[in-house]
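Undergrad: Below are the structure tokens for one structure; questions will follow.
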Amino acid sequence: MKLNELTIKEARAGLDAKKFTAVELVQACLDKISKRDKKINAFITVADDSALVQARAADKLIAAGKQLPLTGIPFAVKDAICTAGVRSTASAKILDNYTPPYNATVIQKILDQGAVMIGKTNCDAFGHGASNENSMYGPVANPHDLKKVAGGSSGGSAAAVADNMCLFAIAEDTGGSIRQPASFCGIVGLRPSYGRNSRFGIMPMASSFDTVGPMTKTVDDMAVVMQVIAGQDNLDATTVPDSVPDYSEDLKKDIKGLRIGVPREYFENKSIDPEVKQAIEKQIKNLEARGAKIIDVSLPLTKYAISVYYILVPSEDSSNLGRMDGVRYGVRAGGKDLFDLYANSREQGFPEEVKRRILIGTYALSAGYYDAYYKKAQQVRTLIRRDFDRVFSEVDVLITPTSPFAAFNIGEKSSDPIQMYLADVFVSPACSAGIPGISVNAGMTKSGLPIGAQIMGPRLSECLVMRVADKIKL
């Protein structure tokens, strides 16, 4: 096996046994990027020089016996996450030349272990999209079929991991942006509970929905990364003080007697592809054979989650993106006065989908419409959360498809925003409720495209959802 194709655990064992160096491991990933990324477009910025400097420092730590779980392990970072000294654009021209002076907390935790950041990955601008076609740096192609999308908004991160350009990536999930591309690219992606991981240094999209999580090749690797990045952060008041469990140790437990709920609304959805449904039903039988109890449940308010999401998230977008003015970074357009400067810079620096969401959100928050849209959506969001609370009194976790279909063609849905929004129909409910969800590869279509299974659990049940996901085997 080539070095860049190793998992984190395999690479850790090889580095510690001195079978290869961190420099060799990182160079193998950089070579893969150089060879393949012109076709896939997973990276906006490749940090070749700094990555090799970090790799040499990692080799010194390993030689001195001071290595930690991620020492010398190459990883990538979604471009909507701040990285000190490395350009961070959020895939929008309005931040084209922005280089943060600090690291996001989760990135700093990883770097403190001696891991190696090899670059910043492409995404839908500011996280706005389900296909990675809303990037101002071009769409990301799916490594399994270059004519297909990689998913969004974290398509670059998913493609980089799936194509072995890095061993793991850190991304962000507001409405499915980790899980859906993980499903499309056949890797593992975790949206943690809201408050489990720090959001400090994440370019805000919708602050009450945003979460930060890993994208990995295996569930084992997911547990390793989560162990490093989870926990309370004084720089993010929304993080919870609960202690961080031993995720890797919990994976060793079996699922005998575990109650797994199958919500009928997900499987009766008219948009679900028969191949997807069949693959997930096969995995449900496999879990039952392992001793789990399969229970049919209902989540009747699930159908409202996508509507709630596309009122509340644009509303928060409208507020958060008001800070982007074109004065110091990226596109700076001319005009006769300050208003023109702002308006023209934003017009040129934001892609169409970002503008669309700002307009929707501003409308929903405007006088005369606030109660009818924003307030009502918040009330329904509370009901959705209670819906999940009720179901989790009956079962331990839920299993559903991650997406109703496998990856679609580049350009297939880009002219129809509503159809694009519906691509997130199975991943948006967990976001409204603030609960964890993980996507893991559960099979392949006849044409060779991955199918993702989603495991959701109660708040702060990351151990549980990872344990069940680890038992899903092809």
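Undergrad: Looking only at the range 134-146, count every residue that is in contact with a Ser or Thr (Cβ under 9 Å, 6 or more places away or on another chain), under 13 Å from Phe43 (Cβ atoms) and surrounded by fewer than 24 Cβ atoms within 10 Å (Cβ to Cβ) and tell me the total.
TA: Within the range 134-146, residues that are in contact with a Ser or Thr (Cβ under 9 Å, 6 or more places away or on another chain), under 13 Å from Phe43 (Cβ atoms) and surrounded by fewer than 24 Cβ atoms within 10 Å (Cβ to Cβ) number 1.
Undergrad: Continuing with the same structure: Among residues belonging to the range 72-119 that are under 23 Å from Asn41 (Cβ atoms) and among the basic types (Lys, Arg), point out the one that is surrounded by the fewest Cβ atoms within 10 Å (Cβ to Cβ).
TA: It comes out as Arg87.
Undergrad: Still on this structure, please answer the following. Quick check on Ile306: is it at pLDDT below 95 and under 30 Å from Asp387 (Cβ atoms)?
TA: Yes, satisfied.
Undergrad: Moving to a separate point now. Among the numbered criteria (1) hydrophobic (A, V, I, L, M, F, W, C); (2) within 30 Å of His144 (Cα to Cα); (3) at pLDDT below 95, which one does Ala367 miss?
TA: (2)
Undergrad: Here's a check for you: in the range 352-373, which residue that is out of contact with any His (no Cβ under 7 Å at 6 or more places or on another chain) and among the charged types (D, E, K, R) is surrounded by the most Cβ atoms within 10 Å (Cβ to Cβ)?
TA: Checking each candidate, the answer is Arg356.
Undergrad: In this structure, does Arg381 turn out to be buried (at least 22 other Cβ atoms within 10 Å of the Cβ), over 24 Å from Asn132 (Cβ atoms), of a type outside the set (Asp, Glu) and under 25 Å from the mean Cα position of the chain (by Cα)?
TA: When the stated conditions are applied, Arg381 passes them.
Undergrad: Further question: I'd like to know if the range 311-318 contains one or more residues that are over 22 Å from Gly452 (Cα atoms), among the acidic types (Asp, Glu) and in contact (Cβ under 8 Å) with a residue 40 or more places away in the chain. Before the answer, list the steps.
TA: First, pick out the residues of the range 311-318 that are over 22 Å from Gly452 (Cα atoms): 311-318.
Now drop any that are not among the acidic types (Asp, Glu), which leaves 316-317.
With in contact (Cβ under 8 Å) with a residue 40 or more places away in the chain added as a condition, the list becomes 316-317.
Yes, the range 311-318 contains at least one residue that is over 22 Å from Gly452 (Cα atoms), among the acidic types (Asp, Glu) and in contact (Cβ under 8 Å) with a residue 40 or more places away in the chain.
Undergrad: Here's another thing I want to ask about it. Taking only the range 210-243 into account, find how many residues are surrounded by fewer than 16 Cβ atoms within 10 Å (Cβ to Cβ), within 26 Å of Thr71 (Cα to Cα) and of a type in the set (A, V, I, L, M).
TA: Going through the range 210-243 one residue at a time, the tally reaches 1.
Undergrad: Then there is this: From the residues in the range 1-23 that are in a helix (DSSP H, G or I) and touching a Gly at 6+ places or on another chain (Cβ under 6 Å), which one is farthest from Ile73 (Cα to Cα)?
TA: By that ranking, first place goes to Leu15.
Undergrad: Taking the conditions exactly as written (surrounded by fewer than 24 Cβ atoms within 10 Å (Cβ to Cβ) and out of contact with any strand residue (DSSP E or B) (no Cβ under 8 Å at 6 or more places or on another chain)), does Leu422 satisfy them or not?
TA: So Leu422 fits the description; yes.
Undergrad: Where the second residue is of a type in the set (Ser, Thr, Tyr) and the first is at pLDDT 95 or above and lies in the range 240-251, which pairs have Cβ atoms under 9 Å and are six or more apart or on separate chains?
TA: Qualifying pairs under 9 Å: Val240/Ser193; Val240/Tyr194.
Undergrad: Let me ask something else. Could you count how many residues in the range 1-58 are touching a Leu at 6+ places or on another chain (Cβ under 7 Å) and charged (D, E, K, R)?
TA: Summing the residues that are touching a Leu at 6+ places or on another chain (Cβ under 7 Å) and charged (D, E, K, R) in the range 1-58 gives 3.
Undergrad: Quick check on the range 276-284. Is at least one of its residues of a type in the set (S, T, N, Q), touching a Pro at 6+ places or on another chain (Cβ under 9 Å), at pLDDT 95 or above and surrounded by fewer than 17 Cβ atoms within 10 Å (Cβ to Cβ)?
TA: No, the range 276-284 contains no residue that is of a type in the set (S, T, N, Q), touching a Pro at 6+ places or on another chain (Cβ under 9 Å), at pLDDT 95 or above and surrounded by fewer than 17 Cβ atoms within 10 Å (Cβ to Cβ).
Undergrad: Hey, among the residues in the range 384-397 that are over 22 Å from Ile255 (Cα atoms) and among the charged types (D, E, K, R), which one's surrounded by the fewest Cβ atoms within 10 Å (Cβ to Cβ)?
TA: Checking each candidate, the answer is Arg386.
Undergrad: Might you check whether a residue that is surrounded by fewer than 24 Cβ atoms within 10 Å (Cβ to Cβ), in contact (Cβ under 8 Å) with a residue 24 or more places away in the chain, in contact with a Phe, Trp or Tyr (Cβ under 8 Å, 6 or more places away or on another chain) and hydroxyl-bearing (Ser, Thr, Tyr) occurs anywhere in the range 120-133?
TA: No, every residue in the range 120-133 fails to be surrounded by fewer than 24 Cβ atoms within 10 Å (Cβ to Cβ), in contact (Cβ under 8 Å) with a residue 24 or more places away in the chain, in contact with a Phe, Trp or Tyr (Cβ under 8 Å, 6 or more places away or on another chain) and hydroxyl-bearing (Ser, Thr, Tyr).
Undergrad: Consider Gln419 against the criteria (1) at pLDDT below 95; (2) in contact with a helix residue (DSSP H, G or I) (Cβ under 8 Å, 6 or more places away or on another chain): it satisfies all of them except one. Which criterion is unmet?
TA: (2)
Undergrad: A further question follows. Looking at the range 441-474, which of its residues are farther than 23 Å from Ala406 by Cα and of a type in the set (D, E, K, R)?
TA: Within the range 441-474, Arg459, Glu462, Arg467 qualify.
Undergrad: Considering the range 421-432 alone, what residues qualify as being among the hydrophobic types (A, V, I, L, M, F, W, C) and under 17 Å from the mean Cα position of the chain (by Cα)? Can you show your working first?
TA: Residues of the range 421-432 that are among the hydrophobic types (A, V, I, L, M, F, W, C), as a first pass: 422-423, 425-427, 430-431.
Answer for the range 421-432, where residues must be among the hydrophobic types (A, V, I, L, M, F, W, C) and under 17 Å from the mean Cα position of the chain (by Cα): Ala423, Val425, Phe426, Val427, Ala430, Cys431.
Undergrad: Within the bounds of the range 170-183, is there any residue that is surrounded by fewer than 24 Cβ atoms within 10 Å (Cβ to Cβ), at pLDDT 95 or above and touching a helix residue (DSSP H, G or I) at 6+ places or on another chain (Cβ under 9 Å)?
TA: Scanning the range 170-183, I find no residue that is surrounded by fewer than 24 Cβ atoms within 10 Å (Cβ to Cβ), at pLDDT 95 or above and touching a helix residue (DSSP H, G or I) at 6+ places or on another chain (Cβ under 9 Å), so the answer is no.
Undergrad: Let me ask something else. Is it true that some residue in the range 398-409 is under 24 Å from Leu299 (Cβ atoms) and surrounded by fewer than 24 Cβ atoms within 10 Å (Cβ to Cβ)?
TA: Taking the range 398-409 first, the residues under 24 Å from Leu299 (Cβ atoms) are 398-406.
Then keep just the ones that are surrounded by fewer than 24 Cβ atoms within 10 Å (Cβ to Cβ); that gives 404-405.
Within the range 398-409, one or more residues are under 24 Å from Leu299 (Cβ atoms) and surrounded by fewer than 24 Cβ atoms within 10 Å (Cβ to Cβ).
Undergrad: Which one of these does Glu249 not meet: (1) crowded, with 20+ Cβ neighbours inside 10 Å; (2) on the phi < 0 side of the Ramachandran plot?
TA: (1)
The values are calculated or read from the model by the stated rules, or taken from the named source; none is laboratory data. Here the structure is a predicted model, which is why all the values come from computation and not from measurement. Cβ coordinates were reconstructed from backbone atoms using ideal geometry, including for glycine residues, and neighbour counts include every protein chain displayed.
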